[in-house]
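Values quoted throughout were computed directly from the atomic coordinates according to the rules given, and no laboratory measurement underlies them. This one's a predicted model, so the numbers in the text were calculated from it and none came from an experiment. When we count neighbours, we look across all protein chains shown, and the Cβ atoms used for this are built from the backbone with ideal geometry, even at glycine.
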Amino acid sequence: MTKQYGFFEQLAIGEAYERRLDDHFRQALDIAAIMPATRMQQGAGIDRIWHMQDGRLATVEYKADDRAGRTGNAFVETISVDTTQKPGWAVSSAAMLLAYMVTQPETIYLIAMGRLRA
């Protein structure tokens with residue numbers, strides 16, 4: 001039987017993971033500020049703008065995966081809608097970096113999008 005997911009339930013879960021990633025990177029990296037992306041930026045696959053201490057900016061897409069810890073496989077979406085061949089986030093995101101969190105056991109990867117696509 002297929003489990004149905006409620007939009008608001010999934011939104012709340014996703015926002016909790018975003019806060020966890022924000023907290024992690026604030027502690028782990030030399031970031032002056034982490035700002036949420038605008039709606040337009042979100043439409044381009046950007047979730048956060050990191051303002052680094054040295055003045056550089058980094059655009060980041062956040063992903064959380066609650067199955068990878070059990071299966072050993074990461075989900076990398078290359079096609080979003082197969083009937084129209086709409087590109088998935090791994091192909092279409094305008095972000096410079098991917099912050100990918102495996103939720104159990106918690107493991108966080110930071111990957112340059114260019115390397116992911118290579």
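Scan Tyr5, Tyr17 and give me the residue that is touching a residue at least 60 places away in the same chain (Cβ under 8 Å) and of a type in the set (Phe, Trp, Tyr). Don't jump to the end; show me each part of the working.
Numbers: Tyr5 fails: touching a residue at least 60 places away in the same chain (Cβ under 8 Å).
Matching residue, one of Tyr5, Tyr17: Tyr17.
From the list Thr59, Thr71, which one is under 23 Å from Val102 (Cβ atoms), among the polar types (S, T, N, Q), without any contact (Cβ under 8 Å) to a residue 60 or more places away in the chain and out of contact with any Phe, Trp or Tyr (no Cβ under 9 Å at 6 or more places or on another chain)? Can you show your working first?
On the way: Thr59 fails: out of contact with any Phe, Trp or Tyr (no Cβ under 9 Å at 6 or more places or on another chain).
Answer to the check: Thr71.
What about Val76, is it touching a Leu at 6+ places or on another chain (Cβ under 6 Å) and not in a helix (DSSP H, G or I)?
Values: touching a Leu at 6+ places or on another chain (Cβ under 6 Å): no; not in a helix (DSSP H, G or I): yes.
So Val76 does not fit the description; no.
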Would you be able to say whether some residue in region 107-115 is farther than 22 Å from Leu11 by Cβ, within 15 Å of the chain's Cα centre (by Cα) and among the β-branched types (Val, Ile, Thr)? yes
Which condition number in (1) within 22 Å of Leu29 (Cα to Cα); (2) in contact (Cβ under 8 Å) with a residue 24 or more places away in the chain is the one that Asp66 fails? (1)
Could you please find all residues in region 1-48 being loosely packed, with under 13 Cβ neighbours inside 10 Å, among the aromatic types (Phe, Trp, Tyr) and under 16 Å from Asp65 (Cα atoms)? Tyr5
Could you tell me whether Arg115 is loosely packed, with under 14 Cβ neighbours inside 10 Å and of a type in the set (Lys, Arg)? yes
In region 72-103, which residue that is surrounded by 12 or more Cβ atoms within 10 Å (Cβ to Cβ) and of a type in the set (S, T, N, Q) is nearest to Gln41 (Cα to Cα)? Ser93
